[in-house]
Amino acid sequence: MTMAVILAAAFLMDAVFGDPYWIPHPICLIGKLISRGEKLLRKLSCKTQRSQFWCGALLTVCCVVVCFLVPFGILWLLGKIHWGLALAAEIWFCFQIFAAHSLKKESMKVMYPLEKGDLPQARKYLSYIVGRDTQALSQEGVAKGAVETVAENTTDGVIAPLLYMAIGGAPLAFAYKAVNTLDSMIGYKNDKYLYFGRFAAKNDDVWNYIPARLTAGLMILSAFLLGYDGKGAIRIYRRDRRKHASPNSAQTESVCAGALGLQLAGDASYFGKVHHKPTIGDPVRPIEPRDIARANRLMYATSVLGVILAVVVHLALWYFLFR
């Protein structure tokens, strides 16, 4: 019962207020922990490929454990003082973990200059939310990058944290965010991180395996509810959900592509090197800036369904176990 209240309250707070920029965000703190840990480990022993792998694995395990234990300890101490303090703190923690509002806000910053024809500004804002090179992207490429980011991060920013909150509260959700942040910082297949970040990248795949598929199912249902092409979402999902190096990323990208009638993915440049990737979806129509807003509506509908499902499951369990 309590966790249902926490989930609903935290999601509503995120939807209304978004991230409070005047307070240091926990993800920034996690990022600093990762950066300092990497510097220390590289100084100590990261000369060979084997040592790089094990240093990266050690960094991953330590960061995940710390990010679980710190909020767990805070909530335990507050609970000893008064249960209300622990409840308020957990709602606050979960509120800061949800990223639906910030995902919409940052992606819409890409759409507005695109609609005005300001391509350089749109490229700049896109560079804040993607890992690929954006300097040479066309208007279509910029819009596509923003839509892909919204589709993929519906899992990372909302449904996966929601699932881990439902299982283990804010501590497990923070552990998940550590996994996700490690992947985004060191999970690259370049010279610097090919071995050092391999464990982090594979660990992220494991933690996101079930959430990505749950998100895809909820997104398909959302496509029908919003009047998008639900049948197309199912068809493209079945055909293209494995068209990505990651076992998870194409799950939601394929649904989004089918629902909006777009072709996503394809070749992309990272750190000046072009990576050849298969396309996802069919080019039923050309992509346009307004598709970023459509992807955000799909993301929010999926998020709301996820929260409703989690709350209903918790209430049902509470009813049958404690009536």
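Table for the structure above
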{"quantity": "Extreme residue, nearest to T302 (Cα to Cα), among residues of region 184-242 that are touching a Lys or Arg at 6+ places or on another chain (Cβ under 9 Å) and among the polar types (S, T, N, Q)", "calculated": "S222"}
{"quantity": "Among the candidates G37, G73, residue that is farther than 29 Å from M299 by Cα and modelled with pLDDT under 95", "calculated": "G37"}
{"quantity": "Meets criteria (open to solvent by less than 10 Å² (accessible area, probe 1.4 Å), in contact with a helix residue (DSSP H, G or I) (Cβ under 9 Å, 6 or more places away or on another chain), at pLDDT below 95 and not aromatic (F, W, Y)) for D240", "calculated": "yes"}
{"quantity": "Any hit, region 239-248, residues being part of a helix (DSSP H, G or I) and more than 15 Å from the chain's Cα centre (by Cα)", "calculated": "yes"}
{"quantity": "Subset tally (residues that are of a type in the set (K, R), modelled with pLDDT under 95 and part of a helix (DSSP H, G or I)) for region 176-201", "calculated": "1"}
{"quantity": "Residue count for region 195-220, restricted to those that are open to solvent by 60 Å² or more (accessible area, probe 1.4 Å) and free of Cβ contacts under 8 Å to residues at least 60 places away in the same chain", "calculated": "5"}
{"quantity": "Failed criterion for P20 (all others in (1) out of contact with any Phe, Trp or Tyr (no Cβ under 7 Å at 6 or more places or on another chain); (2) surrounded by 14 or more Cβ atoms within 10 Å (Cβ to Cβ) hold)", "calculated": "(2)"}
{"quantity": "Residue match in region 76-83 (condition: touching a residue at least 40 places away in the same chain (Cβ under 8 Å) and either out of contact with any Leu (no Cβ under 7 Å at 6 or more places or on another chain) or open to solvent by less than 80 Å² (accessible area, probe 1.4 Å) (or both))", "calculated": "no"}
{"quantity": "Subset tally (residues that are farther than 17 Å from F98 by Cα, open to solvent by 10 Å² or more (accessible area, probe 1.4 Å) and touching a helix residue (DSSP H, G or I) at 6+ places or on another chain (Cβ under 7 Å)) for region 176-194", "calculated": "4"}
{"quantity": "The lone exception for L114 - which of (1) of a type outside the set (G, A, S); (2) without any contact (Cβ under 8 Å) to a residue 12 or more places away in the chain; (3) farther than 24 Å from P211 by Cβ; (4) part of a helix (DSSP H, G or I) it fails", "calculated": "(2)"}
{"quantity": "Checking Q52 against (1) without any contact (Cβ under 8 Å) to a residue 40 or more places away in the chain; (2) open to solvent by less than 60 Å² (accessible area, probe 1.4 Å); (3) of a type in the set (S, T, N, Q), the condition it does not meet", "calculated": "(1)"}
{"quantity": "Among the residues listed as A166, A173, A88, the single one being open to solvent by less than 10 Å² (accessible area, probe 1.4 Å) and assigned to a helix (DSSP H, G or I)", "calculated": "A173"}
{"quantity": "Pairs, first closer than 16 Å to V312 by Cβ in region 1-21, second not in a helix (DSSP H, G or I), C-beta under 8 Å, six or more apart", "calculated": "F11/F98"}
{"quantity": "Condition broken by Q135, with the remaining ones in (1) surrounded by fewer than 20 Cβ atoms within 10 Å (Cβ to Cβ); (2) among the polar types (S, T, N, Q); (3) within 22 Å of Q251 (Cβ to Cβ) satisfied", "calculated": "(3)"}
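The values are calculated or read from the model by the stated rules, or taken from the named source; none is laboratory data. Please read these numbers as outputs of a predicted model, since none were measured by experiment. Using ideal geometry, Cβ is built from the backbone for each residue, glycine included, and neighbour counts are taken over all protein chains shown. For accessibility, only protein heavy atoms count, side chains too; no ligands or nucleic acids. Shrake-Rupley method; radii C 1.70, N 1.55, O 1.52, S 1.80 Å.
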